[in-house]
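Nothing in this text is a laboratory measurement; each read-out follows from the coordinates by a stated rule. Computed from a predicted structure; not experimentally measured.
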């Protein structure tokens, strides 16, 4: 069963990476109309959930990373660290989105904090994805060789 969850990791990680940048675009466009900001809230809820599942399946995937090829623990550890940082940035960022929408006081300040955190989240997810891609393409993490 653990290997099943590990096998979900490559498919799941694409979703938060793509949607967080979609949210950035929607937030930029929402300055012209509020409808895009409302759409980004729903997408962000899915992004937060899939970021959590990506993290959890990645933890399982790390157990199977060296099946065929030797993958350095330091490379896996670095990816895992940045994944954890990304997780603990994306989920609070979604909370900031909600606070910026429903706050009665200092709404503009909360929106600005949210937008800065959103950009940080987007760059963190991008860097984490790059590290994950490096694990696969440079070290062969999770790759099964047929002989």
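Structural remarks
- From the coordinates shown, Cα Rg over 2.2 N^0.38 Å corresponds to which of [x] 1.12; [y] 0.93; [z] 1.17: [z]
- Here the relative contact order of the chain, from alpha carbon pairs under 8 Å that lie six or more residues apart, stands at 32 percent.
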